[in-house]
Each structure stands twice: as structure tokens, then as C-alpha cells.
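Q: A single structure is presented below for examination.
Read-outs: derived from the displayed coordinates by stated rules, not from any lab. Keep in mind it's a predicted model, so treat the numbers as computed, not measured. Note: ideal-geometry Cβ built from the backbone for every residue, glycine included; neighbour counts use all protein chains shown.
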Amino acid sequence: MAFPAGFGWGAATAAYQVEGGWNADGKGPSVWDTFTHQGGERVFKNQTGDVACGSYTLWEEDLKCIKQLGLTHYRFSLSWSRLLPDGTTGFINQKGIDYYNKIIDDLLANGVIPIVTLYYFDLPQALEDQGGWLSEAIIESFNKYAQFCFSTFGDRVKQWITINDPNVLALLAYDVGVFPPGVPHFGTGGYQAAHNLIKAHARSWHSYDSLFRKEQKGMVSIAFFSGWVEPADPNSVADQEAAKRAIAFQLDFFAKPIFIDGDYPEVVKSQVASMSKKQGYPSSRLPEFTEEEKRMIKGTADFFAVQYYTTRLVKYQENKKGELSFLQDVEIELFPDPSWKNIDWVYVVPWGIRKLLKYIVDTYNNPVIYITENGFPQSDPTTLDDAQRWEYFRQTFQELFKAIEVDKVNLKVYCAWALLDSFEWNQGYSSRFGLFHVDFEDPDRPRVPYTSAKEYAKIICNNGLKENL
Ligand code: BGC
């Protein structure tokens with residue numbers, strides 16, 4: 001199973017999950033600093049990312065891991081408040097620039113292509129204090145930050161992701177409120193945040209397009225989290241429709257405006273409108289884009305970036321009580337097949353990734369696709385021999401090979417999540433997604449490869465699997 005020549009093999013991390021140095025050298029607080037410092041058991045054992053993997057001072061250790069794997073691509077994110085402590089270009093933190101310059105330069109010197117995410121959940125607290133993603137003012141703040149990053153790093157960075165998992169962020173931070181700022185706005189906040197996230201992405205893509213592209217010749221996209229869903233009863237029309245709604249609310253909600261026509265999917269618009277009506281709202285809880293905004297949003301991504309972890313079965317679940325929440329708006333129930341193995345929320349369903357890729361090909365006109373994340377957790381504590389977890393990766397690569405060979409998917413890059421065990425948001429350090437084990441008790445935070453890292457290095461070295469289809 002030889003992958004196409006030049007296929008990109010990467011691994012990913014995110015600033016807050018690995019860096020630590022939460023207030024080092026002039027960094028401003030992000031919402032995750034505030035949230036974790038407030039305690040309240042919203043994060044496992046009230047753990048924080050204050051130190052995390054220590055990558056702010058231990059970057060060179062990370063580089064060793066990257067070289068050991070033989071990665072062609074490394075995806076990491078910039079901490080907005082490390083660069084711009086209050087979120088604005090009113091004050092620029094040179095130490096932050098120096099840190100990321102070193103990462104970028106070291107990667108390039110070692111032949112590794114950086115894929116840089118501008119924003120990965122860690123909004124500067126100063127901007128959250130002004131309403132965060134619920135406020136339209138964030139669109140211009142994000143655009144200015146993006147322009148600052150393009151102009152500072154774009155001579156060397158050619159592959160940009162503006163926003164990571166906007167769908168996860170909108171839902172968890174502003175609808176159910178389990179992510180900072182931690183305040184639920186069931187059925188309303190998620191849509192409002194999503195609306196602003198889409199516009200902020202589009203605005204920054206236009207900035208790149210008009211101000212930087214000619215000289216820098218890079219690409220800009222946005223990374224969507226998407227699981228796959230299968231109708232629980234494949235013969236039930238209600239379940240088939242439920243599966244379509246699940247994908248529409250999760251993926252197409254963001255991808256259709258950006259890749260197709262500047263507007264939300266019809267099924268999302270009609271579903272939220274009818275729920276809102278039943279609940280006595282004078283208009284839909286889903287905001288509308290103006291015609292001018294639709295024109296601004298349409299066509300604002302240079303490749304399709306998607307992050308797949310797992311799959312669920314889905315069936316129709318009527319929102320009988322008229323409950324107010326994003327999830328109730330979809331009118332579905334999601335659940336795993338009892339035969340699927342899992343750790344936490346990740347069920348091992350490698351074929352789901354192939355189906356998802358095929359869906360993207362068919363729905364979005366066969367775009368160039370990057371898998372910007374894919375991985376499987378281990379519960380803490382764990383051993384270095386994760387042979388069982390490697391099965392998840394190995395089977396995933398088989399499915400990717402079929403996707404490329406049989407389905408003709410234009411897949412160019414695969415990034416494993418994650419390079420290192422790291423701060424896993426609400427689960428703190430209890431869930432380990434790394435290819436390298438990190439000892440969070442040891443002040444030196446040693447990185448040690450799991451079996452999966454060694455096996456992944458072989459795949460990269462062979463540009464595929466040494467087996468036949
Ligand atoms: C998030 C990562 C997270 C991973 C595993 C992804 O959707 O972007 O930050 O670590 O899921 O939960």
C-alpha cells in the first residue's frame with residue numbers, strides 16, 4: 001500500500017495543550033488560563049495548562065520527536081495572547097515572535113513543512129471580556145491578528161489554518177458552556193458564535209488573498225472536526241434523514257457557506273426556524289447572512305481540512321418537549337454500535353474516515369483534502385507498548401489508502417493527533433493522545449516514544465504500509 005509520491009505525513013499539537021509558560025515573557029492570559037485558574041472541577045482534578053509539556057522552553061525536545069518520526073509536516077498553533085497579550089496589535093510581544101520564529105526556522109532547516117493554526121480555542125482573555133465570539137467586534141480583531149501573523153511569519157509559513165474546530169468551539173464554549181468562558185447559552189450562543197467565526201475566517205482569507213498571496217504564495221483554510229454517522233436502521237427513512245441532519249449540523253454548517261455558496265444548509269435553516277417558531281421566538285435563532293456577506297464568505301478556503309476521530313450510529317429523536325439546545329435542534333440520538341471498542345468517546349471505526357472523505361469529495365467538488373487531526377486516546381496511566389492503539393492507526397492507513405486508490409480522494413496530507421500527550425481540555429492529563437509519552441510528574445517532562453511512534457516512523461519511511469490491499 002504505497003501512498004502517492006510526496007504524500008505528507010504529519011503530527012499536530014495546539015499551543016495551550018503543550019506550551020505551558022502561561023505568563024512567561026509577557027504573555028497575556030487566554031480564556032483557558034482564566035478558566036483553569038478558577039477551578040470548580042470543570043477540568044479533571046482542576047488541572048491546568050500552566051506548564052503542560054513545557055514546550056515553551058522545551059521546543060528542542062519536541063523537534064527531536066519530530067525528527068525521530070521523520071515527519072514531513074508539523075502542525076502547531078500560535079498562542080494569540082503570547083503574540084498580542086491583549087489581543088490587539090496595540091502591544092506586540094517580541095518574545096512571542098521570537099519563540100515561533102525559532103520553531104518555524106528549525107522546522108524548515110530540518111525539511112519539515114509547518115502547518116500553522118492561528119487560533120486553537122485560546123482566545124485572549126481581554127477579547128473575551130469584550131464579548132468574545134458572541135460579539136461582532138471579534139471579526140475585525142481576528143482579522144487584524146491574522147494579518148499580523150501573515151506579515152510576521154508568512155515569508156516562511158505557506159500553509160495556514162485560521163480557526164481550529166469552529167464547530168466544537170461554538171458548541172462547547174458558547175452553547176453548552178463546558179469550555180471557557182463557561183456560561184451556557186443553550187440554543188442561541190452557539191449559532192451566534194458560529195456566525196462570527198465564519199465571518200472572521202472569511203475576512204482573514206480575503207486579507208491573505210488581497211494583501212499577501214501574490215508575494216507569499218501560500219494557502220489558507222479552516223479545520224473542521226467531523227465524525228461520521230450511519231443510520232441506525234439503514235432501511236428507515238427517518239434514520240437516513242437523521243444521518244443527513246447530523247452531518248449538516250456538524251460539518252456542512254461551516255463547510256457549505258465557505259466552500260459552496262456563502263449560506264447555511266437548507267435543512268439547518270428550516271430545522272432551527274421551525275424549532276424557534278414552536279418555542280415562541282419571533283424569528284429563527286439562527287442568524288442570517290446578508291447577500292453581501294454571502295458573497296464575502298463563498299469560496300474562502302484553498303483546501304479542505306478535516307479532523308476525524310470516530311463514528312456513531314444515529315436515529316431520529318423528536319424534540320417533543322421543545323427543549324432549547326443546539327443538539328435538540330438536530331432531532332437526533334447518537335450512539336455507538338455495541339460491538340465497537342472504545343476508550344472514552346473514541347470508538348474504533350476506521351472505515352468511518354473513508355466514508356467521510358467520500359462524502360467530502362461528492363459534496364465539495366473533489367477538493368484537495370488535508371486530514372489535520374486523527375488519533376486515539378489512552379487512559380492514564382498507560383504503558384509504552386500501545387500495540388492495541390497502533391491497530392487503530394494501521395487500520396486507518398488502510399482506509400486512507402483505499403480512499404486514495406479506489407475512491408480517488410485527493411488526499412495530500414495526514415496529521416496524527418498528537419505529537420505529545422498533552423492537556424486534553426476538560427479531561428486534563430487523564431487522556432493521552434500522544435505518539436510520545438510525557439511524564440507530567442517530572443519537571444523535565446521527558447518525551448518517550450510509544451510503540452505507535454515507532455510504527456508510524458516506519459510508515460513514513462516507507463511512504464505507506466508494507467502490505468497489500
Ligand atoms: C481537538 C483536540 C483534542 C482532540 C482529542 C480535537 O477535536 O481539536 O484539541 O485534543 O480533539 O479530543
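Q: Using mean Cβ contacts within 10 Å as the protection proxy, how do 98-105, 364-371 order, highest first?
A: Packing order, densest peptide first, comes out as 364-371, 98-105.
Q: Hey, can you grab everything whose amide H is under 5 Å from the amide H of ILE115? Only 5+ residues off in sequence or another chain; H modelled, so Pro and N-termini drop out.
A: It is TYR74, ARG75, PHE76, by chain and number.
Q: Considering Cα pairs under 8 angstrom that are at least six residues apart, work out the relative contact order of the chain and quote it in whole percent.
A: Values: 969 pairs, mean separation 86.4, N = 469.
Computed value for the chain: 18 percent relative contact order.
Q: Got a sec? How would LEU69, LEU435, LEU58, LEU334 order by Cβ neighbour count within 10 Å, fewest to most?
A: Details: LEU69 25, LEU435 29, LEU58 21, LEU334 18.
Ascending number of Cβ neighbours within 10 Å: LEU334, LEU58, LEU69, LEU435.
Q: Which distance in nm do the two modelled labels at VAL448 and VAL178 give, with both placed 7 Å along the Cα-to-Cβ direction?
A: So the two model labels end up 3.1 nm from each other.
Q: Follow-up. Only counting other Cβ atoms within 10 Å, I'd like VAL406, VAL116 sorted with the fewest neighbours first.
A: On the way: VAL406 11, VAL116 23.
Fewest to most other Cβ atoms nearby, the residues stand as VAL406, VAL116.
Q: On full extension of the chain, what length is gained from LEU384 through PHE44, given 0.36 nm per residue of separation minus the C-alpha to C-alpha distance? Let's see the in-between values first.
A: Values: separation 340, 0.36 × 340 = 122.40 nm, distance 2.28 nm.
Result: 120.1 nm gained on full extension.
Q: Which shape class, rounded, prolate or oblate, goes with region 347-394 when its Cα gyration tensor gives a ≥ b ≥ c as root eigenvalues, a/c under 1.5 marks rounded, and past that a/b bigger than b/c marks prolate? The partial results should precede the final answer.
A: Values: a/c = 3.60, a/b = 2.88, b/c = 1.25.
Since a/c reaches 1.5 and a/b is larger than b/c, the shape of region 347-394 is classed as prolate.
Q: Using the beta-carbon distance between GLU323 and LYS158 and R0 = 51 Å, what value does 1/(1 + (r/R0)^6) give for FRET efficiency, to the nearest 0.05?
A: It comes to 0.65.
Q: Further question on the same structure: For ASN366 and ILE260 in one chain, what is 0.36 nm times their gap in residues minus the Cα-Cα distance, to one decimal in nm?
A: Result: 36.9 nm gained on full extension.
Q: Taking the Cβ-Cβ separation of ALA24 and LYS214 as r and a Förster radius of 35 Å, what is the calculated FRET efficiency to the nearest 0.05?
A: Computed FRET efficiency for ALA24 and LYS214: 0.45.
Q: If you don't mind, there's one more thing I want to ask. Counting DSSP beta bridges in the chain, what percent are antiparallel, to the nearest 5?
A: On the way: 13 of 49 bridges.
Around 25 percent antiparallel, to the nearest 5.
Q: Take every DSSP beta bridge whose two residues both sit in region 323-469, then give the antiparallel share in percent to the nearest 5.
A: Details: 7 of 11 bridges.
If we restrict to bridges inside region 323-469, about 65 percent are antiparallel.
Q: Too long at a 25 Å Cα-Cα cut-off: which of LYS27/LYS214; LYS64/LYS341; LYS402/LYS454; LYS217/LYS466; LYS244/LYS355; LYS27/LYS144?
A: Where the Cα-Cα span goes over 25 Å, the pairs concerned are LYS27/LYS214; LYS64/LYS341; LYS217/LYS466.
Q: Still on this model: Mind pulling up the Rg/Rh value for region 13-159? Radius of gyration and Kirkwood radius, both on Cα. Write down the numbers at each step before the final one.
A: Numbers: Rg = 15.3 Å, Rh = 15.8 Å.
Radius of gyration over Kirkwood radius for region 13-159 works out to 0.97.
Q: Can you tell me how region 178-259 classifies by the Cα gyration tensor, rounded, prolate or oblate, using a/c under 1.5 as the rounded cut?
A: Note, shape of region 178-259 comes out oblate.
Q: Can I ask one more? Using only alpha carbons, build the gyration tensor for region 103-243 and give me the equivalent ellipsoid semi-axes, biggest first, whole Å.
A: The equivalent ellipsoid of region 103-243 has semi-axes of 31, 21, 14 Å.
Q: Shape call for region 145-194 from the C-alpha gyration tensor, a ≥ b ≥ c root eigenvalues: rounded (a/c under 1.5), prolate (a/b greater than b/c) or oblate?
A: prolate
Q: Using a Debye calculation, one point per C-alpha and no hydration shell, please list log10 I(q)/I(0) for the chain at q = 0.08, 0.10, 0.13 Å⁻¹ in order.
A: One equal scatterer on each Cα of the chain leads to -0.44, -0.71, -1.29.
Q: So for region 365-461, considering every pair of alpha-carbon atoms, how many percent are separated by more than 16 Å?
A: In whole percent, the share of Cα-Cα pairs in region 365-461 beyond 16 Å is 58.
Q: Would you mind telling me the antiparallel percentage of the DSSP bridges in region 210-333, rounded to 5?
A: Around 20 percent antiparallel, to the nearest 5.
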